[in-house]
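Read through the structure below, which is laid out as structure tokens, and then see the notes.
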Amino acid sequence: MAMGFTANIQAAKVIVAALCLSAWAAGAHAATMVSISGTLGDKALISINGALAKVVAAGGQLGGVRVISVQGDRVTIEVEGQRRTLAVGLGDSFISWRPAPDNVEKAAGKPTGRGSMVLTADSRGQFSTQVEVNGVSAPFLVDTGASVVTLPSSLARRAGINLEHATPITISTANGRAQAYRVVLNTVKLGSLGANLVEAVVVDDAKLPYALLGMSFLNRMDMRREGDSLTLLQRY
């Protein structure tokens, strides 16, 4: 069966996702992580929380994950009432978070205390915010489907990131295949939240015109989604 599945995920993306998973698994027990590694007809090859992938047909269920539809390389799943469409060629993963402890005061888009932040979704249901990378502030889109923080090359240059000795990789984006570089960011800060030595990839602006706050930063946080609010709590 495995030979019949599309080999769409780039090797580099698998490596990056695996690095993210190892850190995530250490503390994010209150979440379900779903990855799609291939499709065949109306079936998808699904892995939950890094376990061995299994074949699930549209309408079927694996653990708490239900497959709504499989169309080409796009798979729509539902986890705990949350739906997400994952594109196999992009190496997408989906994190479904259970509620975090009720120990923060809500304040949309502002710190709620030391090591916490509440963001408010825009009209499209997306969360965007200002993030500092190596001390340089820029707008970011929060994306739990991105394995790592992803920067356009213009932001990387402003943040003083030297790509001369970075590891080149090839990834698939919504704008097609693109060359990228694996790097490590000295610091990433979102209000009172912060992390050091954060894995990231740098992509040319033409392929990725905006920055993504991916799981290499978010996996150090507890997350709680309530309506149009997203609460982040520093875990470590």
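Within segment 117-158, which residues are among the aliphatic types (A, V, I, L, M) and under 17 Å from Arg182 (Cα atoms)?
The answer is Val133, Ala146, Val148, Val149, Leu151, Leu155, Ala156.
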Fill in: Residue satisfying condition, being closer than 22 Å to Asp205 by Cβ and at pLDDT below 90, within set Ser123, Ser172, Ser116, Ser96
Ser172
Discussion item. Within segment 194-214, take every residue that is in a strand (DSSP E or B) and touching an Asp or Glu at 6+ places or on another chain (Cβ under 7 Å) and give me the one that is surrounded by the most Cβ atoms within 10 Å (Cβ to Cβ).
Written reply: Leu213
Item to complete: Within segment 43-88, work out how many residues are among the polar types (S, T, N, Q), surrounded by fewer than 15 Cβ atoms within 10 Å (Cβ to Cβ) and touching a helix residue (DSSP H, G or I) at 6+ places or on another chain (Cβ under 9 Å).
Response: 0
Discussion item. Against the definition (modelled with pLDDT of 55 or more, within 21 Å of Ser216 (Cα to Cα) and surrounded by 13 or more Cβ atoms within 10 Å (Cβ to Cβ)), how does Ser128 come out, yes or no?
Written reply: yes
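The values are calculated or read from the model by the stated rules, or taken from the named source; none is laboratory data. Everything numeric in this text was worked out from a predicted model, so none of it was measured. When we count neighbours, we look across all protein chains shown, and the Cβ atoms used for this are built from the backbone with ideal geometry, even at glycine.
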